[in-house]
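Note sheet for the following structure.
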Amino acid sequence: MTPTDSTHNQISWLAVPTEADVPEGVRKLWSKAEANVGFVPNVFRAQALNGEQFLAWWGYFNLLLNKEGFLTPLEREMVAVVVSGANRCIYCAVSHGAALREFLRQAGENPHTADLVAVNWRHASLSPRRAALCAYAERLTLHPAEVTEADLQTLRDVGLSDQQTLELVQVIGMFNLTNRVSGALGFLPNAEYHGQGR
């Protein structure tokens, strides 16, 4: 399939492996995703073309985003959405926008805030802490060579510990990596994400 094909089933500009083509660890992960969320995320299918590399990426990604950490899950997803929006990564902005809507809903907050964050977080009426996270995520994403130690003070001013700051930087770094891969290879989000949390 060529990049100019308009087929809606195309999820990557590269070949997408079948279940028979991937290592057992990938098949188990696909199966677990299907059981937990009802579908296999397209990023799981597309990146599995290099199965062992995909599993290594997933191990770190899962640790940063889905395990108990120093930032709240909502904060990590908000940062993911800011970075993905700044990078214009369709896959991650849509899929993590869906996750952010769910976290906002669970917190009793307006899920529409996720859409504002995806386009311009400054219009989202965020708390000072969340605004500082978003501002730092945007700055490190768009102007990494300009970041200095002084930028950390804005995070300290809203109460971030060193462990939280390190995790914030790691999440920003992870999404810049994942955005580059997804954008460069034309990954498209699953249709299910568009309606989640609405």
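All of the numbers you see were taken from the coordinates with simple rules; none came from a lab. Being a predicted model, the structure only gives us computed values, none of them experimental. For neighbour counting, all protein chains shown are included, and Cβ atoms are generated from backbone atoms with ideal geometry for every residue, glycine included.
By how many nm would the segment from LEU116 to LEU63 grow when fully extended, if each residue of separation counts as 0.36 nm and the alpha-carbon distance is taken off?
Numbers: separation 53, 0.36 × 53 = 19.08 nm, distance 2.67 nm.
That pair, LEU116 and LEU63, stretches by 16.4 nm at full extension.
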Taking segment 85-198 as the region of interest, what is the percent of Cα-Cα pairs per 10 angstrom bin, listed from the shortest bin to the one with the maximum distance? 13, 41, 37, 9, 0
Mean projected area, convex hull of alpha-carbon positions in segment 149-198, reported to one decimal in nm², is 5.5
May I ask for the angle, rounded to the nearest 10°, between helix 73-86 and the longest principal axis of the chain, with both axes built from Cα atoms and the value confined to 0 to 90°? 80
Reciprocal of mean inverse Cα separation for segment 89-145 (Kirkwood radius, Å): 11.9
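I want the local charge near GLY38. Using Cβ-Cβ distances under 14 Å, sum +1 for each Lys or Arg and -1 for each Asp or Glu among the other residues. Provide the component values of the computation, followed by the final result.
Numbers: positive: LYS32; negative: GLU34, GLU102, GLU192.
So the surrounding residues net to -2.
In debye to the nearest 20, how big a dipole does segment 40-164 give about its Cα centre with +1 on each Lys and Arg Cβ and -1 on each Asp and Glu Cβ? Walk me through the numbers on the way to the answer.
On the way: 11 positive and 13 negative charges, 65 e Å.
Value, rounded to 20: 320 debye.
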Give me Rg/Rg_expected for segment 36-94, where Rg uses Cα atoms only and Rg_expected = 2.2 N^0.38 Å with N residues. 1.21
With unit charges on the beta carbon (Lys/Arg positive, Asp/Glu negative), name the residue among GLN106, LEU185, GLN47 whose Cα is farthest towards the positive pole of the charge dipole of the chain. GLN106
If you fit an axis through the alpha-carbon atoms of helix 24-37 and take the longest principal axis of the Cα set of the chain, what angle between them do you get, 0 to 90°, nearest 10? 60
Could you tell me which of VAL119, LEU160, VAL81 has its Cα farthest along the dipole of the chain towards the positive end, charges placed at Cβ (Lys, Arg +1; Asp, Glu -1), taken about the Cα centre? VAL119
Counting each DSSP H run of 4 or more residues in the chain as -39500 (n - 2.57), what helix-only mean residue ellipticity at 222 nm follows after dividing by all residues, to the nearest 500 deg cm²/dmol? -20000 deg cm²/dmol
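Sort out the exposed loop GluC sites (Glu not before Pro) in the chain (DSSP loop, at most 13 other Cβ within 10 Å) and tell me the longest stretch that has none. Don't skip to the answer; put the middle values down first.
Values: sites that count: GLU68, GLU109, GLU149.
Answer from the scan: 1-67.
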Taking the Cα atoms only, what angle lies between the long axis of helix 90-106 and the longest principal axis of the chain, rounded to 10 degrees? 60
Taking each pair of different alpha-carbon atoms in segment 1-150 once, compute 1/r for the pair, average those values, and report the inverse of that mean as the Kirkwood hydrodynamic radius in Å to one decimal. 17.1
